[in-house]
Amino acid sequence: MTDVIIVPHLHAGGAAAATLLAAVLSQKPDMVLGVATGSTPLPIWSALAAMRLDMSRVSAFALDEYLDLPPGHPESYAAVVHREIAVPLGLNPRKVHTPDAQADLRDAPSAYESAIRAAGGIDVQVVGIGRNGHIGFNEPGSSLSGRTHIANLAAQTRRDNARFFESLDQVPTRCITQGVGTILDARRLILVASGRRKADAVAAALEGPVTASVPASALQLHPDVVAIVDEDAASRLSFADHYRMSAPHGDAA
Ligand code: GLP
């Protein structure tokens, strides 16, 4: 089932998620962490880094990667994960994985699935949500049981991510992403969302029908999901009062 924790702002959400991750890490110092790019999870990484935990034995797997960028491009998710997550958290670079966009694309998806399996599966996967309800780069219409695959980015996603590039033209059109089925294999999921522009997607994902039109709605099928959303992102939820009353720790902030 999904626990929904509504926090006043993004930073409180980062602290709440970091606390959950630190608890898993204390039980399993070599945990397998699923990391997500995007702006929303950034406060998680900074809150976790501030705890100064030994994360050198942790393995990390990213959800997705752009295709068709030159190797080492600063906006490739390999570079972003290294800069924004691996370095601040003190992860061992050899244990940090992103789908290999430079490899033979016929092999890269299954190689990524094999690497996740070889690491023992993902213990906790952090997931953001796109304005169109995507998770990873599984855009509306994606199979809800899909595995890691090559996909095209939705026009909305390219526009949303254009802020990281000099122009819209430079945003890749293709990606390699964990499938929704791959994401659902993680033992635990933490969905984070912030801001009014995510409110419709959050409501559809948490309270709407499970549908390929909103890939994040597949999280309803997972037995252990914590959704940490700020007040703005929660503003279209019908049952917000109920979540506030049922929150496991009261106000997680
Ligand atoms: C990208 C990533 C997604 C992420 C989304 C939201 O499209 N591929 O995994 O969830 O951005 O990003 P933000 O948190 O910056 O809104």
Please identify, among 62, 103, 201, the residue showing maximal mean-square fluctuation in a Gaussian network model of the chain using a 10 angstrom Cα cutoff.
103
Nearest 20 debye, what's the magnitude of the dipole of the chain about its Cα centre given +1 on Lys and Arg Cβ and -1 on Asp and Glu Cβ?
200 debye
DSSP-assigned coil residues among GluC sites (Glu not before Pro) in segment 161-253, each with at most 13 further Cβ atoms within 10 Å:
166
Neighbour net charge for residue 109 - beta-carbon separation under 14 angstrom, K R +1, D E -1
-2
I want to check the label-to-label distance for residue 159 and residue 30. Put each point 7 Å from Cα in the C-beta direction and report it in nm to one decimal.
4.7 nm
Please tell me the relative contact order of segment 113-212 in percent, rounded to the nearest whole number, where contacts are Cα pairs under 8 Å and at least six residues apart.
40 percent
Name the long-range amide H neighbours of residue 7: under 5 Å, sequence gap of 5 or more, or other chain; modelled H, no Pro or chain starts.
229, 230, 231
Hey, can you grab everything whose amide H is under 5 Å from the amide H of residue 136? Only 5+ residues off in sequence or another chain; H modelled, so Pro and N-termini drop out.
128
Karplus 3J(HN,Hα) series, Hz, for segment 3-11 with 6.51 cos²θ - 1.76 cosθ + 1.60 (x for Gly, Pro)
8, 10, 10, 9, 10, x, 8, 3, 5
Could you run the Karplus curve 6.51 cos²θ - 1.76 cosθ + 1.60 with θ = phi - 60° over segment 101-118 and give me ³J(HN,Hα) per residue in whole Hz, x for Gly and Pro?
6, 9, 7, 4, 5, 6, 9, 4, x, 6, 5, 5, 4, 5, 5, 5, 4, 5
Which FRET efficiency value, to the nearest 0.05, is calculated for residue 56 and residue 196 with the Förster distance at 30 angstrom and r the Cβ-Cβ distance?
0.20
Rounded to the nearest 0.05, FRET efficiency between residue 213 and residue 118 (Cβ-Cβ, R0 30 Å) equals 0.35
Quick calc, residue 169 & residue 19: beta-carbon distance into FRET formula, R0 30 Å, rounding 0.05, result 0.15
Sorted by average packing, counted as other Cβ atoms within 10 angstrom per residue and highest first, what order do 63-73, 22-32, 211-221, 134-144 take?
134-144, 211-221, 63-73, 22-32
Using the Cα centre of the chain as origin and beta-carbon charges of +1 (Lys, Arg) and -1 (Asp, Glu), tell me which of 45, 184, 89 is placed farthest towards the positive end of the dipole.
89
Largest first and in whole Å, give the semi-axes of segment 2-248's equivalent ellipsoid, each being the square root of 5 times a Cα gyration tensor eigenvalue.
25, 22, 17
Ranking 234, 208, 222 by how far each Cα lies towards the positive end of the charge dipole of segment 193-252 (+1 on Lys and Arg Cβ, -1 on Asp and Glu Cβ), the top one is 208
Show the residues, 5+ positions off or on another chain, whose built amide H is closer than 5 Å to the amide H of residue 214.
141
Phi-derived 3J(HN,Hα) across segment 149-156 with the Karplus relation (6.51, -1.76, 1.60, θ = phi - 60°), rounded Hz, x for Gly and Pro, is 7, 8, 8, 9, 7, 5, 4, 4
Relative contact order of the chain, pairs being alpha-carbon contacts under 8 Å that are 6 or more residues apart, as %
28 percent
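Just so you know, all these numbers are worked out from the coordinates, no wet-lab data involved. Fair warning: this is a prediction, and the values are worked out from it, not measured in the lab. Ideal geometry is used to build each Cβ from the backbone, glycine not excepted, and the neighbour counts take in all protein chains shown.
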